[in-house]
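Just so it is clear, none of the values below were taken in a lab; they were calculated from the coordinates. Computed from a predicted structure; not experimentally measured. Neighbour counts are summed over all protein chains in view; Cβ atoms, including those assigned to glycine, are modelled from backbone coordinates with ideal geometry.
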Amino acid sequence: SQKIEQNSEALNIQEGKTATLTCNYTNYSPAYLQWYRQDPGRGPVFLLLIRENEKEKRKERLKVTFDTTLKQSLFHITASQPADSATYLCAAQTGANNLFFGTGTRLTVIP
Amino acid sequence: EAGVVQSPRYKIIEKKQPVAFWCNPISGHNTLYWYLQNLGQGPELLIRYENEEAVDDSQLPKDRFSAERLKGVDSTLKIQPAELGDSAVYLCASSPGTSGSLDTQYFGPGTRLTVL
């Protein structure tokens, strides 16, 4: 069955370092991958989208890569700040508009 | 611009009771989604509407769950009767386009349901 796996349930890093989150998918080929941020008690908020024919996408301190050979996306936050602490969700999208979410990685940036 | 509105934010009921959740999407958004999110998990799609039509309800447990989107605007999700395992956060999301369009989804804050 189709699966989206985010390898780390939790990740702690020091302020100022780069956080790298991993998303792996199996048993299908998504056309797009999206990354969302979710704070406690709130719904997910869209951050970045990358298409299967794009290798890399950037937005301010955020960078996402999409490797269709490895079936993997990496999400980077450079110069991390305590305000970046949240759960980050990877979601795969096929041709229709349905998103299949991973379980999320809870990031904590330590001052 | 107002975001996706959901009510109530919290609901506590006893098992076997009915419960309903309401969602008002962002104005002009054609597609509306209901998701279920268990603790420590990502959202799982229950149903997707394009305008007033339910185009994907394959994951909706139809024996106890029902949904409607009258007039293609706001939507209601109902559970009757509720079971202990239904305790979760129910998220509503909307997006501007329809099938095949590349859209991001805008989520509401969710309704946290506790079934005792």
With a 29 Å threshold on alpha-carbon distance, the violating pairs from A:3/B:62; A:17/A:57; A:59/B:78; A:17/A:55; A:55/B:62 are A:59/B:78; A:55/B:62
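From the square roots a ≥ b ≥ c of the eigenvalues of the alpha-carbon gyration tensor of chain B, which class results: rounded (a/c under 1.5), prolate (a/b over b/c), or oblate?
Values: a/c = 1.80, a/b = 1.63, b/c = 1.10.
Prolate.
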Tell me, what is the percent relative contact order of chain B, built from C-alpha pairs under 8 Å that lie six or more residues apart?
37 percent
Starting from the alpha-carbon convex hull of the protein assembly as shown, give the projected area averaged over all orientations, in nm².
12.6 nm²
The answer for trypsin sites (Lys or Arg not before Pro) in segment B:27-67 that fall in a DSSP coil and have at most 11 neighbouring Cβ atoms within 10 Å is B:62
Suppose each label sits 7 Å from its Cα in the direction of the beta carbon; what would the residue B:83-residue A:59 distance come out to in nanometres?
3.8 nm
Size of chain A along its principal axes in angstrom, Cα-based, largest extent first?
40, 29, 20
Report, in whole Å, the centroid distance computed from the Cα atoms of segment A:20-69 and segment B:68-108.
22 Å
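Only loop residues by DSSP count here, and only those with at most 10 other Cβ atoms within 10 Å; note down the GluC sites (Glu not before Pro) in segment A:8-103 that meet that. Intermediate results must be reported in sequence, preceding the final value.
Working: sites: A:9, A:15, A:52, A:54, A:56, A:60; in loops: A:9, A:15, A:52, A:54, A:60.
Passing both the DSSP loop test and the Cβ count: A:60.
Residue by residue through B:43-55, how many Cβ atoms from other chains fall within 10 Å of the Cβ on average?
Values: counts 10, 2, 4, 0, 0, 4, 0, 1, 0, 0, 0, 0, 3.
Partner-chain Cβ atoms within 10 Å, mean over residues of B:43-55: 2.
Please sort by residue number the chymotrypsin sites (Phe, Trp or Tyr not before Pro) in segment A:5-66 whose DSSP state is loop and whose Cβ has at most 15 other Cβ atoms within 10 Å.
A:28
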Give me the percent relative contact order of segment A:1-101, please, defined on Cα pairs under 8 angstrom at least 6 residues apart.
33 percent
Could you tally the net charge around residue A:39, taking each other residue with its Cβ under 12 Å from the Cβ of residue A:39, Lys/Arg +1 and Asp/Glu -1?
+2
